[in-house]
Amino acid sequence: MDFRFLHAADIHLDSPLRGLARYEGVPAELVRTATRSALDNLVSYAIEEKVAFLVIAGDLYDGDWEAFATGLYFCSAMGRLNEAGIAVYLIYGNHDAESHLTKQLPLPPNVKAFRSDRPETVTHAPTGVILHGQSYKSRDPGGDLAGGYPPAIDGSFNIGVLHTALTGDRGHAPYAPCRPEELAAKGYDYWALGHVHGFEIVTAVPHVVFPGNLQGRNIRETGPKGAALVTVADGHVRAVDHIPMDVVRWADVDVDLGGAGSVTDGHERIRQSLEAALSGQADGRPMMARVRLSGETLIHDVLAEERNAWREGVRAIARGLSDELWIEKVVAATRPPARTQALGDELDALLEQLAADPATASAIVDDLADFLARAPAELDRELDLLPEVRAGQLGGVLPDAAAALRARLQTGVA
């Protein structure tokens with residue numbers, strides 16, 4: 001028969017959006033409930049689209065959570081699916097295995113959690129689909145789990161549910177390592193994987209798929225986040241579509257300042273880049289962006305000398321564009337023009353020699369001792385290098401001093 005199902009993973013329910021709460025203007029409620037709202041979106045979509053069932057491939061929770069409210073919220077969401085007649089097939093991943101509360105909450109009758117001591121096979125009666133899966137019983141299952149999965153059952157559509165990073169080359173811990181070729185040898189029609197937080201169709205024959213996580217939680221998890229909608233017709237996968245479920249979008253915004261000759265020009269380029277990111281990447285969602293400034297520009301040294309002012313300037317530009325655009329960080333990676341580089345190299349070389357001299361570094365710290373004693377701790381958050389100076393670590397301070405001196409010596413920068 002023809003049917004559709006949803007494949008999700010790495011929900012990390014009630015996991016905080018790291019770093020988001022520190023920024024002025026970000027609603028606390030949005031930060032606190034983002035992963036819950038993404039789960040709500042998943043459930044609502046499943047009901048609206050009348051999918052046959054939902055597969056959750058691990059890391060439903062986020063470690064050793066202590067509040068039963070997290071589990072109760074999940075049970076309530078699954079209750080909505082139960083009322084709609086939608087079954088849920090769940091395996092626990094490495095983060096779930098850390099939680100002693102995970103195993104204590106009874107799940108609604110429509111939710112099947114696969115056992116952790118060995119692979120288990122179940123049948124979705126309305127479609128005849130066969131699902132094979134195994135939960136983690138500890139953070140690291142200690143090797144390949146897929147090897148123990150049974151062969152496909154002939155004449156049925158077979159789904160393997162597994163929490164794994166495959167060969168471990170996708171930026172995640174190599175739990176339950178295995179190769180796509182090993183999965184294909186089982187004869188399943190679809191492998192519903194979890195653990196990797198980016199959407200990826202690893203292979204199409206058979207389909208081996210990571211849906212990614214439902215909600216990006218930090219700047220390393222940029223772009224649309226959601227679940228995979230799988231369409232099956234005549235016993236074959238006909239389409240795998242990524243459906244966004246996130247409520248806050250994280251983005252890297254690159255701003256090319258190459259050739260910019262003034263601060264005003266730089267600000268305008270930043271504004272244009274942020275505006276393009278809002279219209280092209282946010283999809284109407286609130287956005288948290290990291291801005292990276294690059295290129296060869298006359299204002300390179302001004303950026304280095306006044307980086308705190310630039311950071312606040314970028315935030316002001318963002319605020320002027322939207323109340324739902326926030327700046328996570330400003331990274332300055334520009335270069336000075338070639339005509340000023342020679343002078344800069346000489347200054348950097350001289351300061352490098354000074355920094356290597358313990359007596360010089362000690363003298364600088366001694367000279368600043370009175371200032372450091374009087375400077376309030378709150379100032380450390382505004383002046384990024386101040387904690388380094390307090391610790392006597394001048395390696396990051398002296399290059400900025402060289403850049404500031406170059407800026408003072410330059411002319412013609414508005």
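The values are calculated or read from the model by the stated rules, or taken from the named source; none is laboratory data. The model shown is predicted, which means the values in this text are computed figures rather than measured ones. Note that we place each Cβ from the backbone using ideal geometry, even for glycine, and neighbour counts take in every protein chain shown.
Just to be sure I understand, how many residues within the range 143-154 are at pLDDT below 95 and not hydrophobic (A, V, I, L, M, F, W, C)?
Going through the range 143-154, the residues at pLDDT below 95 turn out to be 143-148.
Filter once more, keeping what is not hydrophobic (A, V, I, L, M, F, W, C): 143-144, 147-148.
Final tally of qualifying residues: 4.
Within the range 206-217, identify whether any single residue is surrounded by fewer than 17 Cβ atoms within 10 Å (Cβ to Cβ) and either modelled with pLDDT under 95 or farther than 26 Å from ALA176 by Cβ (or both), and answer yes or no.
no
Does the range 223-238 contain at least one residue that is closer than 18 Å to ALA332 by Cα and touching a residue at least 24 places away in the same chain (Cβ under 8 Å)?
Within the range 223-238 (the criterion being closer than 18 Å to ALA332 by Cα and touching a residue at least 24 places away in the same chain (Cβ under 8 Å)), the answer is no, since none of the residues qualifies.
If you take the residues of the range 32-85 that are out of contact with any helix residue (DSSP H, G or I) (no Cβ under 6 Å at 6 or more places or on another chain) and among the acidic types (Asp, Glu), which of them is nearest to SER116 (Cα to Cα)?
ASP64
How many residues are at negative phi and surrounded by 18 or more Cβ atoms within 10 Å (Cβ to Cβ) if we restrict to the range 41-72?
Result for the range 41-72: 18.
Which of the residues that make up the range 110-142 are loosely packed, with under 15 Cβ neighbours inside 10 Å, modelled with pLDDT of 95 or more and of a type in the set (Ser, Thr, Tyr)?
THR121, THR123
Does THR231 satisfy the criteria of being touching a Phe, Trp or Tyr at 6+ places or on another chain (Cβ under 7 Å) and of a type in the set (S, T, N, Q)?
Here the answer is no, as THR231 does not meet what is asked.
How many residues does the range 258-281 hold that are closer than 27 Å to VAL247 by Cα, surrounded by fewer than 19 Cβ atoms within 10 Å (Cβ to Cβ), of a type in the set (A, V, I, L, M) and in contact (Cβ under 8 Å) with a residue 40 or more places away in the chain?
Matching residues across the range 258-281 total 0.
Where the second residue is of a type in the set (D, E, K, R) and the first is free of Cβ contacts under 8 Å to residues at least 60 places away in the same chain and lies in the range 67-79, which pairs have Cβ atoms under 9 Å and are six or more apart or on separate chains?
ALA67/ASP14; ALA69/ASP14; THR70/ASP14; THR70/ARG36; THR70/ASP62; ALA77/ARG36; ALA77/ASP40
Just the residues that are touching a strand residue (DSSP E or B) at 6+ places or on another chain (Cβ under 7 Å) and either of a type in the set (Lys, Arg) or outside any helix (DSSP H, G or I) (or both), please, taken from the range 307-323. Even if it seems obvious, please write down each step before you answer.
Applying the first criterion (touching a strand residue (DSSP E or B) at 6+ places or on another chain (Cβ under 7 Å)) to the range 307-323 yields 307, 310-311, 314-315, 318.
Selection gives ARG307, ARG311, ARG315.
Would you check if there is a residue in the range 278-293 being assigned to a helix (DSSP H, G or I) and of a type in the set (Val, Ile, Thr)?
The answer is no, given that none of the residues of the range 278-293 is assigned to a helix (DSSP H, G or I) and of a type in the set (Val, Ile, Thr).
So which residues in the range 310-356 are of a type in the set (D, E, K, R) and at pLDDT below 65, if there are any at all? Step through it out loud before you land on a result.
Step one: list which residues in the range 310-356 are of a type in the set (D, E, K, R), which gives 311-312, 315, 319, 323-324, 328-329, 335, 339, 345-346, 348, 352.
Those that are of a type in the set (D, E, K, R) and at pLDDT below 65: ARG339, ASP345, GLU346, ASP348, GLU352.
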